[in-house]
1. Using θ = phi - 60° and the Karplus curve 6.51 cos²θ - 1.76 cosθ + 1.60, what whole-Hz ³J(HN,Hα) does each residue of the stretch 43-58 get, with Gly and Pro shown as x?
2. Put +1 on the Cβ of every Lys and Arg and -1 on every Asp and Glu Cβ in the chain; which of 115, 55, 69 then has its Cα farthest towards the positive end of the dipole?
3. Can you tell me the relative contact order of the chain? Whole percent, Cα pairs under 8 Å, sequence separation 6 or more.
4. Count the net charge of all other residues whose Cβ sits under 13 Å from the Cβ of residue 108, scoring Lys and Arg as +1 and Asp and Glu as -1.
5. Pick out which of 28, 126, 143 has the largest mean-square fluctuation in a Gaussian network model of the chain, springs linking Cα atoms closer than 10 Å.
6. In the Gaussian network model of the chain, springs joining C-alpha atoms below 10 Å, which of 74, 87, 111 carries the largest mean-square fluctuation?
7. What FRET efficiency, computed as 1/(1 + (r/R0)^6) with R0 = 41 Å and r the Cβ-Cβ distance, is obtained for residue 43 and residue 130, rounded to the nearest 0.05?
8. Can you send over the solvent-accessible area of residue 103, 1.4 Å probe, protein chains only, in Å² to the nearest 10?
Amino acid sequence: MTGTAGSLRLTGRGHGQLPAMLDLQPTASGAWTPTGLSVLLPSAGIYQLDATVRSAMTAVSPVNTFTVARLFDVTAGAVVPGSEVIVQQISVTASAGAVSHGYNNTAPIQVEHVVTGPRTVRLEAARFNASGASQTARVVSDASGRTTLRWNRIA
């Protein structure tokens, strides 16, 4: 948002946390899946949305597979503009035989969203297999790292 820091005023806030691990492996590559994490923006205004998304993946090389997350405005039926982020990617070319790879990663989403009335915004995720395939692909939240979605109403 343009303007000076003194022109912003926090007029409301909220927070949500992923209620349970989401297993993306049973879904088709590229299929967007609601994570179970959503927040209600209570009224018209300008909101700062801030998500932290934790992913865990495993794959066997050679492979190029990745997890992407985004925010989806359920009320408007549209992706929140600019909210897509690659959370994690495993890209390993051929080596001297198949090698198993497993990683955890966390990525932020930070966007402003202007709404004309109350809205529900949810976190969605998808796994994509460009070559090879993931063995596991999950969005997780536990004591090792949380998946959260926060909002601040600034106008």
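The values are calculated or read from the model by the stated rules, or taken from the named source; none is laboratory data. A quick note: this is a predicted structure, and the numbers were derived from the prediction, not measured. Every residue, glycine as well, gets a Cβ built from its backbone with ideal geometry; the counts of neighbours run over all protein chains shown. Protein only, heavy atoms only, side chains kept; ligands, DNA and RNA dropped before computing areas. Shrake-Rupley method; radii C 1.70, N 1.55, O 1.52, S 1.80 Å.
1. With coefficients 6.51, -1.76 and 1.60, one gets 7, 4, x, 10, 10, 9, 9, 9, 10, 10, 10, 10, 10, 10, 9, 9 Hz.
2. Checked the options; the winner is 115.
3. Numbers: 431 pairs, mean separation 68.4, N = 155.
That works out to 44 percent.
4. Numbers: positive: 54, 70, 146, 150; negative: 50, 84.
That sum, taken over residues with Cβ under 13 Å, equals +2.
5. In the Gaussian network model the winner is 143.
6. Among 74, 87, 111, the largest mean-square fluctuation in the Gaussian network model of the chain belongs to 74.
7. Working: r = 41 Å, r/R0 = 1.01.
According to the calculation, E is roughly 0.50.
8. Answer for residue 103: close to 110 Å² accessible.
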